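S.K.: My questions will all concern the structure given below.
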Amino acid sequence: LQLFVIRCLDEQFGLRRPKPSRISNPAEIANDVARVIGLLAHIGADHAEGAARLYAKGWQAFGSSIPTPQVAREDLTLPAFGESLEHLSEAVPRLKKQIVSAATACVVEDQVVSVPEYELLRTIASVLETPMPPLEVTKA
């Protein structure tokens, strides 16, 4: 959330210019996508098996032929999430759309959308400047 607020304010007051889209190869962002989806999966699941299922669904929705990267649980922190989003913001629009689709697939796979999942998904869509599909938040 902090990343989202700072980014919006910086752009509003002219302290930050939008980064140009320069990344068009999914391999360049695979680890960052894995970190973003991994954090969503762990937030959305009650146990490791559930998180693995959500992560697999998200990676499948990313639609890349790149082998699924494995992310250690200790690497799934909010600061790392923020760094990954910053890097992903340099992707071309086609890849940004795939990232939001992957994150959405991860969140909705278990048919329960919690407030933290929803807020992270909103942050992802905002930072990537990509429309977010409508979702209904479910109290778990």
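S.K.: Inside region 103-126, can you point out the residues that are under 12 Å from the mean Cα position of the chain (by Cα) and over 20 Å from W59 (Cβ atoms)?
M.R.: Across region 103-126, the qualifying residues are Y118, E119, R122, S126.
S.K.: Go through region 113-134 and report how many residues are farther than 28 Å from I66 by Cα and open to solvent by less than 60 Å² (accessible area, probe 1.4 Å).
M.R.: Within region 113-134, residues that are farther than 28 Å from I66 by Cα and open to solvent by less than 60 Å² (accessible area, probe 1.4 Å) number 1.
S.K.: Hey, another quick one. Looking at A30, A52, A34 in this structure, which one is open to solvent by 40 Å² or more (accessible area, probe 1.4 Å), free of Cβ contacts under 8 Å to residues at least 40 places away in the same chain and not in a loop (DSSP other than H, G, I, E, B)?
M.R.: Residue meeting the stated conditions: A52.
S.K.: A follow-up question, please. Is it the case, given these coordinates, that I99 is among the β-branched types (V, I, T), within 20 Å of P26 (Cβ to Cβ) and under 15 Å from the mean Cα position of the chain (by Cα)?
M.R.: yes
S.K.: Looking only at region 73-103, count how many residues are of a type in the set (V, I, T), at pLDDT 95 or above and open to solvent by 20 Å² or more (accessible area, probe 1.4 Å).
M.R.: The qualifying residues number 1.
The values are calculated or read from the model by the stated rules, or taken from the named source; none is laboratory data. Please read these numbers as outputs of a predicted model, since none were measured by experiment. Note that each Cβ is placed from the backbone with ideal geometry, even for glycine, and that neighbours are counted across all protein chains shown. Each accessible area value is taken on the protein alone, full model and side chains, heavy atoms only, with ligands, DNA and RNA left out. Shrake-Rupley method; radii C 1.70, N 1.55, O 1.52, S 1.80 Å.
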